[in-house]
Amino acid sequence: MLMLHPPTLQLIGIIVTLVSAGVSLLTWYRHRGGAGLRSWAMALLLGGAATFLYSMRGNDPSFRVVLFGDTLFVAGFVTMWLSMRRFNNPQLALGRMIVIAAAVTIIFGILFTLAWQAAAALRAHSIVFSLFICGLALAAARETWQGRRLDGLRSRGIAALALVGIAVARLMRALVVFGRATDMVDSQTNAIALGYTQYVTTVCILVVTFGLVLMANERFERQYAALAEGRPTT
């Protein structure tokens with residue numbers, strides 16, 4: 001397989017997250033009732049900052065640099081998950097979202113630190129990171145798909161499928177890292193897999209943002225039609 005150029009992927013990832021955050025904010029500006037759009041933009045900005053820090057790492061980054069960057073990325077995905085929850089339930093309080101996000105991020109930081117200290121040579125911390133992202137992406141996909149029972153938005157499938165794509169990519173990344181640590185995977189295969197993981201994640205984040213914007217527009221159109229016909233909105 002063709003090896004993708006990591007710096008180029010990182011630059012594209014940063015650009016995609018910034019553009020997607022802008023699109024989310026513009027959609028919120030147009031539909032002020034679009035719950036979850038602002039928090040989704042914040043999640044994307046956190047992910048973009050984490051990608052920028054990752055691109056600044058040297059060949060042998062320190063524990064603090066790796067921990068801070070990966071924690072930012074996890075915090076971004078926690079916010080993505082909570083954004084989907086708030087899209088389903090606009091009454092979800094901001095304070096509760098902050099508490100949940102902080103709790104999950106702290107748990108990740110603790111497990112990451114333990115994994116680094118216990119098995120740094122086996123890159124156990126990288127496996128913990130990938131599994132956390134996989135779990136959060138699946139949680140967001142589940143939240144997105146289950147919301148169809150509330151509003152029946154057809155565009156939910158796009159976002160849910162892209163989130164599952166992120167989860168699968170991160171799971172495969174965890175397996176490759178484990179294979180590399182146990183000498184079942186060579187360094188070249190590991191580098192190729194890392195590039196494609198970054199590529200798939202970037203594309204899927206763009207698709208999820210597109211799906212969320214479609215969801216907000218579809219919900220607005222239904223509410224507008226209901227008001228025009230004198231029916232109660234949901």
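Quick look at the numbers
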{"item": "Full-stretch length increase - Leu114, Arg149 - with 0.36 nm per residue and alpha-carbon distance subtracted", "result": "8.6 nm"}
{"item": "Linear extension gain, Ile107 paired with Met172, 0.36 nm per residue minus alpha-carbon span", "result": "21.1 nm"}
{"item": "Calculated [θ] (222 nm, deg cm²/dmol) that DSSP helices of n ≥ 4 give over the chain, each run adding -39,500 (n - 2.57)", "result": "-29000 deg cm²/dmol"}
{"item": "Percent RCO, i.e. relative contact order, over the chain, from Cα pairs under 8 Å lying at least 6 residues apart", "result": "22 percent"}
{"item": "FRET efficiency, Phe68 to Val99 (Cβ-Cβ, R0 22 Å, nearest 0.05)", "result": "0.55"}
{"item": "Relative contact order [Cα under 8 Å, 6+ residues apart], region 39-146, whole percent", "result": "30 percent"}
{"item": "Intensity falloff of the chain expressed as log10 I(q)/I(0), Debye formula with alpha-carbon point scatterers, at q = 0.10 Å⁻¹", "result": "-0.47"}
{"item": "Options Ala21, Leu153, Val177, ranked by Cα towards positive dipole end of region 6-228, top entry (Cβ charges)", "result": "Leu153"}
{"item": "Semi-axes of the equivalent ellipsoid for region 20-159, Cα gyration tensor, largest first, Å", "result": "30, 16, 13"}
{"item": "Shape category assigned to region 60-119 from the gyration tensor of Cα positions, a/c cut at 1.5", "result": "prolate"}
{"item": "Two-decimal Rg/Rh across region 109-166, once Rg and the Kirkwood Rh are taken from alpha-carbon atoms", "result": "1.23"}
{"item": "Förster radius 41 Å - calculated FRET efficiency between Met56 and Asp186 (Cβ-Cβ, nearest 0.05)", "result": "0.95"}
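The numbers here are math on the coordinates, done by the rules we state, and not lab data. Computed from a predicted structure; not experimentally measured. Positions of Cβ are generated from backbone atoms using ideal geometry, with glycine treated the same way; all protein chains shown enter the neighbour counts.
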